[in-house]
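Student: Below is a structure I'd like to ask you about.
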Amino acid sequence: MKKAVILFNLGGPDKLESVEPFLFNLFNDPGIISIPSIFRYPLAKFISKKRAPIAKNIYKEIGNKSPILELTQQQANNLEKSLSAKGNYKCFVVMRCWHPRAKDVIKEIKEYDPDEIILLPLYPQYSASTSGSSIKEWHDLCKKENYKVFSCYNGTDSIKIAEKEKPDLIILDVMMPGMDGIQVCEKLRSKNKFNNTIIMFLSARGEDFTHIAAYDAGADDFVNKPLKPRLLISKVRSLLRRTNKINNFSSMKLNFKGLIIDKEEYTVKIKGEKLILPRKEFELLFMLSSNTGKVIKREEIMNQIWGEDVIVGDRTIDVHIRKLRKKIGSNFIKTIKGIGYKFISTDI
């Protein structure tokens, strides 16, 4: 598998004549000065012209240019050499405010045609004006390649963007500035307009209590980093099946690879063999399969299948699940420990 590693850095002028345009690019970045462009542009012009003479004197002391590009390229070469022992890696350098810019480097990356792209900001810490700014530019370029992606870098803004764009699927991280992903998920689920929106977590947090908190907040899936792009795409594709009315209870017949569930006749066919299931087993199977890829909590199953007023044992659901697995196979229904169950379509 070919992997491209993109090292982001701020950049710097490569000669004294480049100091003023470099400063202009820096201060014209909306991540640095977050005001409307009609005001930011002349302000950036003014600041860069004012500071250029002082900056030039500084650069004269260090060889009339910034060393950032050379140092970053050395890091890229050393990293590529180190990674070559582990696989097929190629490192690229992208500067935020001077050359080489992302719009130029992306052409080289397309020619390399990697299976996976890893973004590696080299700034001291994550911030909207450094890492966030570079990654935003990268996503903008991806949009030009016909990937429709809306990105933001803090929890508060993510809610605003979700309300404005009404996406089919939202991918959250647990650790986000302003408001963490769990809080964002809870707030989105509290709004009726997001009842059918798929929410997926992609995070480095792998503790059980974090997963449980995410599912309790209303998440449909939780995936740990690192994750290969093809697997992520498969998971997204599986989750998006729900938007294609697979989760619509008005659909009377559900068809999966080797499995047909007909609600009108209350029958199930597995590899052409017709099964007659007890009513509760069928209703449980139909409920899960109508929400392919979504985690259904035990409480929700209990309330919908048996009713809130019916008292049944704690293991009732487990017994029915075990019987279903014996009849249709163990690949379709996945146990989410401590939460509930999820139906998995095996035809992707």
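Student: Pairs LYS3/LYS342; LYS257/LYS327; LYS235/LYS297; LYS263/LYS334: which are spaced more than 24 Å apart, C-alpha to C-alpha?
Tutor: In this structure, LYS3/LYS342 lie more than 24 Å apart at Cα.
Student: Convex hull over the alpha-carbon atoms of region 2-123: what's its volume per residue in Å³?
Tutor: Cα convex hull per residue, to the nearest whole number: 111 Å³.
Student: May I ask you to list the aspartates and glutamates whose Cα is less than 19 Å away from that of LYS90, ignoring any residue fewer than eight positions away on the same chain?
Tutor: GLU70, GLU80, ASP104, GLU108, GLU111, ASP113, ASP115, GLU116
Student: From the square roots a ≥ b ≥ c of the eigenvalues of the alpha-carbon gyration tensor of region 267-306, which class results: rounded (a/c under 1.5), prolate (a/b over b/c), or oblate?
Tutor: Oblate, since a/c reaches 1.5 and b/c is not below a/b.
Student: List the residues, sorted by chain then number, that are 5 or more residues from ILE170 or on another chain and whose placed amide H is less than 5 Å from its amide H.
Tutor: ILE198, ILE199, MET200
Student: Another question about this same structure. In cubic angstrom, how much convex hull volume per residue do the alpha carbon atoms of region 150-242 span?
Tutor: Spelled out: Cα convex hull of region 150-242, divided by residues, is 91 Å³.
No lab work stands behind these numbers, since they all come straight from the coordinates. Here the structure is a predicted model, which is why all the values come from computation and not from measurement.
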